[in-house]
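Accompanying notes for the structure given below.
The values are calculated or read from the model by the stated rules, or taken from the named source; none is laboratory data. Remember, it's a predicted structure, so these values are computed and weren't measured experimentally. Cβ atoms come from the backbone with ideal geometry, glycine included; neighbour counts cover every protein chain shown.
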Amino acid sequence: MDKILVHGGNGLAGSIKISGSKNSALPILAATLLTREPCTIHRVPDLSDTHYMLQILMHLGAQVERASGTVTVTAEKTDSVAPYDVVRKMRASVCVLGPLLGRCKEATVALPGGCVIGDRPIDLHLKGFEALGAAMRVQGGDVKVFAPKLNGAVINLRGKFGPTVLGTDNVMMAAVLAEGTTVIEGAAAEPEVCDLADFLNKMGAKIEGAGTRRLIIEGVKELHGAEHDIIPDRIEAGTFLVAGAIAGKGVTINRAEPQHLTAITNALTGCGFKIEAKKNSLTVLPNGVAKPLELETEPYPGFPTDMQAQMCALLSTTDGISVVTENVFPQRYMHVAELKRMGANMQLEGSTAVIQGVHRLTGAPVMASDLRASAALVLAGLKAEGITEVSRVYHIDRGYEHLDEKLSELGAHIERVKE
Ligand code: EPZ
């Protein structure tokens, strides 16, 4: 296993290019199962999670060709049972359920385990499939869904913690081949859900309302192949904007989508940083003393839960008292204990972190736990005194394309070594 050594103190400056979105690529790659014709997807990020998804597609019988960021998938025929040994490595594998149910009228996938950010139920996904006419059986750790045919229905997918992103994706991918019209109320409106709907419509689906809480899907008989460019990864973009806020003297992110980043740029301007926006790029600049912040994570277009840990890293050295409340995954605070090892002063009260900014952090050996918490520890190390050793960086490689190399391009003193 690798670890990342961050030598704190270097200022960051310059620009980097944002990769294609992981959380858009995963459901879109799964959606290629909905047709026997070839689908070509551009800007697929080079991540372990996208590799896992391609392994699942190949196990199901699809042909997969990859040339740098372009992937062509041809699922002329497809099995309906996803392999446990790959599915167990990635919770998002659950998003093959919808396309397999739509295409084969049955699907078997290992139930996603929990993970460090909290319980990851799929009750809303199953509620949606049931409304479309599917039955389900949980057996031996697998969930099997099956239906003689799928009929359009009116479904409310809102759960206790708001809409479900992959649940909306899954039900949409089953409904596109159902007979009749499906209305999904309480749908997720994330840009990645819109990107999937755009791809499905290019395949011949009839989906309206993407980006709102109400999707209307008119079922069609079959879908054809299509070509698609994945949208930029707004969480990677946000992560680099926070890196620029923590240690930057002017960091620019290119090939970004500014309108997907409004909640993040508003939070950074709320902390006193200056943001300059152009058509497909954003620059974050220091602008005097940073200010503390009160922040709550919400479903899109609110502040994203996937950026909460990174903001905690920034606020841990921002003078004053900041309050961060996590409303989507209330237990998503694995980074707090590790940041405290670096000298951060923060207390958890339920799903709220109260952060008393300290003058500076000190480097320490810390352990990555989930994808975004790991990135937050690297960001904290950029400004900490001394060396921060982040172990188990495979968490980072799941969702960031060469994070250490991109930070080095901006001037960070960072190295990847064998553990
Ligand atoms: C997606 O996960 C993202 N992953 C997550 O990003 C992201 O944090 C999350 O959406 C929220 O934005 C991918 O897109 C691959 P949810 P997803 O269903 O769809 C509860 C990252 O770092 N819920 O929107 O699995 C759930 O427990 C990852 O890139 C139910 O109760 O999340 C949570 O509290 C981490 N029942 C809330 O809803 C269900 O059936 C939102 O979860 C489904 C979800």
Selection count, the range 1-41, where residues are part of a loop (DSSP other than H, G, I, E, B), surrounded by fewer than 22 Cβ atoms within 10 Å (Cβ to Cβ) and small (Gly, Ala, Ser): 2
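Could you name every one of the helices (runs of 4 or more DSSP H) located completely within the range 289-398 that has at least 3 residues being of a type in the set (A, V, I, L, M, F, W, C) and within 16 Å of the chain's Cα centre (by Cα)? Walk me through how you get there before you give the answer.
On the way: elements: 308-315, 334-341, 371-383.
The helices (runs of 4 or more DSSP H) meeting that bar are 371-383.
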Test for residue 44: is it crowded, with 22+ Cβ neighbours inside 10 Å, in contact (Cβ under 8 Å) with a residue 12 or more places away in the chain, closer than 25 Å to residue 181 by Cα and within 16 Å of the ligand (Cβ to nearest atom): no
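Across the range 189-218, which residue is farthest from the ligand (Cβ to nearest atom) among those that are of a type in the set (Gly, Ala, Ser) and closer than 21 Å to residue 229 by Cβ?
Among those residues, the one meeting the criterion is 204.
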In the range 202-231, the residues that are within 22 Å of the chain's Cα centre (by Cα) and without any contact (Cβ under 8 Å) to a residue 60 or more places away in the chain: 209, 210, 211, 212, 213, 214, 215
Matching residues in the range 375-395 - criterion: being modelled with pLDDT under 95 and within 16 Å of the ligand (Cβ to nearest atom): 392, 393, 394, 395
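Being outside any helix (DSSP H, G or I), over 28 Å from residue 302 (Cα atoms) and either more than 10 Å from the ligand (Cβ to nearest atom) or out of contact with any Lys or Arg (no Cβ under 6 Å at 6 or more places or on another chain) (or both) is true for just one of 148, 121. Which residue is that?
Working: 121 fails: over 28 Å from residue 302 (Cα atoms).
Just a single option satisfies the conditions, and that option is 148.
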All positions within the range 151-164 that are over 25 Å from residue 112 (Cα atoms) and either within 11 Å of the ligand (Cβ to nearest atom) or part of a strand (DSSP E or B) (or both): 151, 154
Qualifying position, being in contact (Cβ under 8 Å) with a residue 12 or more places away in the chain, more than 15 Å from the ligand (Cβ to nearest atom), in a helix (DSSP H, G or I) and not hydrophobic (A, V, I, L, M, F, W, C), among 102, 98, 167: 102
Sole residue being buried (at least 20 other Cβ atoms within 10 Å of the Cβ), closer than 30 Å to residue 414 by Cβ, under 23 Å from the mean Cα position of the chain (by Cα) and among the basic types (Lys, Arg), chosen from 234, 255: 234
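Does residue 321 fit the bill of being touching a strand residue (DSSP E or B) at 6+ places or on another chain (Cβ under 9 Å), under 23 Å from residue 288 (Cα atoms), buried (at least 17 other Cβ atoms within 10 Å of the Cβ) and modelled with pLDDT of 95 or more?
Criteria not met by residue 321.
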